[in-house]
Amino acid sequence: HKVFEKRWAWIIVLLLISIVPFWYYHWFNINEHHSGDIVLYYLPRVDHVKQSVLEYHSWFPLWTPYYFAGTSYIGKPNDPYMNPFLGPLIFLLPTTLGAIKISMVLGMLIAGIGMFLLVDYLLQNKYAALLAALIYMFNDFILVRIFYWGWIVFAYEYPLLPFILLFT
């Protein structure tokens with residue numbers, strides 16, 4: 001069919017297919033989550049960022065008292081400030097947990113789009129690109145470390161790799 005000769009149609013198919021696992025495992029439920037680093041480590045940090053901006057009008061707090069008996073934000077690349085997906089969602093969604101969860105989903109969707117574009121560029125085969133993107137998004141490493149353990153650091157770096165390879 002002529003529609004599927006365009007990349008955008010394949011990307012829409014990829015996004016529709018990849019939404020199903022996120023929906024099935026309740027990643028769009030922004031009010032609750034199982035334990036793990038999302039709740040124990042990242043949620044207090046993101047709450048502190050939101051509180052700092054909304055209550056104290058400080059867009060870059062230098063210190064947080066809510067974990068490790070107080071620690072600084074300076075020089076830590078996994079801070080909420082260093083995340084382009086999470087920043088806007090903190091203020092757009094009603095809960096900070098929802099912002100974290102949706103930002104992780106967005107990261108994985110962008111990872112799939114990047115892998116699709118990379119494999120399509122290398123092989124000129126849209127079916128192979130779709131399969132590679134799905135495998136890249138839902139491999140065991142991602143499912144366990146990001147969506148079960150809640151290691152957000154991987155969720156924000158993982159989408160960049162296909163784009164780095166594509167543009168290099």
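The values are calculated or read from the model by the stated rules, or taken from the named source; none is laboratory data. Please read these numbers as outputs of a predicted model, since none were measured by experiment. Backbone-built Cβ (ideal geometry, glycine too); neighbour counts: all protein chains shown. In case anyone asks, the SASA skips ligands and DNA or RNA and just uses the protein heavy atoms, side chains included. Shrake-Rupley method; radii C 1.70, N 1.55, O 1.52, S 1.80 Å.
Quick notes on this one:
- When the Gaussian network model of the chain links Cα atoms closer than 10 Å, the mean-square fluctuations of 62, 43, 143 top out at 62.
- Segment 92-100 - phi-based ³J(HN,Hα) in whole Hz, Karplus 6.51/-1.76/1.60, Gly and Pro as x: 8, 9, x, 10, 6, 4, x, 5, 5
- Global geometry of segment 118-168, whether rounded, prolate or oblate, following the gyration tensor of its Cα atoms and the 1.5 cut on a/c: oblate
- Simple rule: put +1 on each Lys or Arg Cβ and -1 on each Asp or Glu Cβ in the chain, find the dipole, and look at 14, 58, 90; the Cα lying farthest toward the positive end is 14.
- For segment 5-72, the fraction of alpha-carbon pairs in successive 5 Å shells from zero, as %: 3, 13, 15, 14, 12, 12, 11, 11, 6, 2, 1, 0
- For the chain, the longest principal axis of the alpha carbon atoms and the long axis of helix 43-56 meet at an angle near 60°.
- With Cα atoms, 0 to 90° folded angle of helix 126-137 axis to the chain main axis: 20 degrees
- Per residue, the accessible area of the chain comes to 57 Å², computed with a 1.4 Å probe over protein heavy atoms only.
- Diffusion coefficient, µm² s⁻¹, Stokes-Einstein with Kirkwood Rh over alpha-carbon pairs of the chain at 37 °C and 0.692 mPa s: 192 µm²/s
- To put it simply, the accessible area of segment 40-168 at a 1.4 Å probe is 72 percent carbon and sulfur.
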